1. 7 Å from Cα along Cα→Cβ at both H377 and E211: what's the point-to-point distance in nm?
2. Please report the spacing between the Cα centers of the range 198-227 and the range 303-370 in Å, no decimals.
3. Quick check on my link table: of K199/K283; K260/K325; K260/K388; K260/K436; K181/K236, which ones sit more than 24 Å apart, alpha carbon to alpha carbon?
4. Applying the Karplus parametrisation 6.51 cos²θ - 1.76 cosθ + 1.60 with θ = phi - 60° to the phi angles of the range 185-192, what ³J(HN,Hα) value in whole Hz is obtained for each residue in order, glycine and proline being reported as x?
5. From the backbone phi of the range 195-209, what are the Karplus-calculated ³J(HN,Hα) couplings (6.51 cos²θ - 1.76 cosθ + 1.60, θ = phi - 60°) in whole Hz, Gly and Pro given as x?
6. Once the Cβ-Cβ distance between R293 and F365 is put in as r, and R0 is 56 Å, what FRET efficiency do you end up with, to the nearest 0.05?
7. Pairs of alpha-carbon atoms within less than 8 angstrom and 6+ residues apart define the contacts here; what relative contact order does the range 160-252 have, in percent?
8. Per the helix-only calculation at 222 nm, which mean residue ellipticity applies to the chain, given -39500 (n - 2.57) for every DSSP H run of n ≥ 4 and division by its residues, nearest 500 deg cm²/dmol?
Amino acid sequence: GIKKPFTEVIKANIGDAHAMGQRPITFLRQVVALCTYPNLLDSPSFPEDAKKRARRILQGCGGNSLGAYSASQGINCIREDVASYIERRDGGVPADPDNIYLTTGASDGIATILKILVSGGGKSRTGVMIPIPQYPLYSAAISELGAIQVNYYLDEENCWSLDVNELRRSLNEAKAYCHPKVLCIINPGNPTGQVQNRKCIEDVIHFAWEEKLFLLADEVYQDNVYSEGCQFHSFKKILYEMGPEYYNNVELASFHSTSKGYMGECGYRGGYMEVINLHPEMKGQLVKLLSVRICSPVSGQAAMDIVVNPPVPGEESYSQFIKEKESVLNNLAKKAKLTEDMFNKVPGVHCNPLQGAMYAFPRIFIPAKAIEEAKAHKMAPDMLYCMKLLEETGICVVPGSGFGQREGSYHFRMTILPPIEKLKILLEKMKDFHIKFLEKYA
């Protein structure tokens, strides 16, 4: 009941595109609507290319209905479409539908793979190497499985790049107390927004090959690349191009999702993983593990199909689809640049270029007096900062301590998803807040 100095809470804490006002992609929704209510297949309001896809998906469903369970690995024709998409994306690198698993968002796939990889006890317990800062799904899944979290630090001074020397340091130190077996990479990065270059990916693959590590490539932001000179390279493609010695030996699971990109369809919980070089016995265990949850949501599988099988030139929905897709991505690119520029004008704030993904992760200077106050409240200094920001402006962001950061440095993660006019207001408010915060605690 207390009057607040703001009229609304702006939830800039989570990458939920539609909740932030992004419009759904028409074609995706048309196909899912047709699959959900097949009577619409006779309606003249729907384009023929959407009907064609809906019929194909429904034919792959038991009883021609989205309401039927699918195979645990996912509907066959959708896995075929995913494999074709990967081949197109990677310039002809072969993909086998049998290595594709449809999942409940990417998160479900990541947790499932970790489940089959974690074993041992004491010093032989599986260690999982994760980037710091990281997406908290990883620390949570590792903790839930009782595995050992092994941190490697991204280089903030170098635009959050990944250095193999840091991977080596982290691995060698971890060998004293666990068995490091898994290396997780997030590219483009969450929360850090960097896009890895080709050389970096080659170095990481060589390192994984040398140390016999299982690679997890979280590539859900593969459509979200904004900076000039940056390009998304999939781990699978580069692994293939490094030659058979690598391609036939490095175990790799890569992940994609309907939730990010230009689609932003978080609620459908659609995703897939491609797993290569898994030992046949392990593969059997993976299918068994997936069958425990019966199958991923079939409507989410249908949504994933449209991401990998969109309209092509010559089809009637193509021009509208491309227009909508480019509009979302161009908008995000503008917002990424605006956010970076605005933060870097504020004293005591430094923001690396937002090369990709959907977040800014600026570093903030917190004065000693504020650090003391945070200690007195038994909270992290950047948590105190974020709570005060929320109380005074209604802007909700996540403290960097929730993602991990180097000792003595402070950050917060903010999504760039709000509409551009609202984002400008939000950034102005944050600037004013930060200046007042410094004045108060200086």
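The values are calculated or read from the model by the stated rules, or taken from the named source; none is laboratory data. Just so you know, these numbers come straight off a predicted model, no measurement behind them. Reconstructed Cβ throughout: ideal geometry from the backbone, glycine too, with neighbour counts over all protein chains shown. For accessibility, only protein heavy atoms count, side chains too; no ligands or nucleic acids. Shrake-Rupley method; radii C 1.70, N 1.55, O 1.52, S 1.80 Å.
1. The answer from the label model is 3.8 nm.
2. 21
3. K199/K283; K260/K388; K260/K436
4. The phi angles translate into 10, 10, 9, x, x, 10, x, 8 Hz.
5. 10, 6, 7, 4, 4, 4, 5, 4, 4, 5, 5, 4, 4, 4, 5
6. Values: r = 46 Å, r/R0 = 0.82.
With a Förster radius of 56 Å, E is 0.75.
7. So the answer I get is 31 percent.
8. Working: 15 runs with 188 residues, N = 442.
Result for the chain: -13500 deg cm²/dmol, rounded to the nearest 500.
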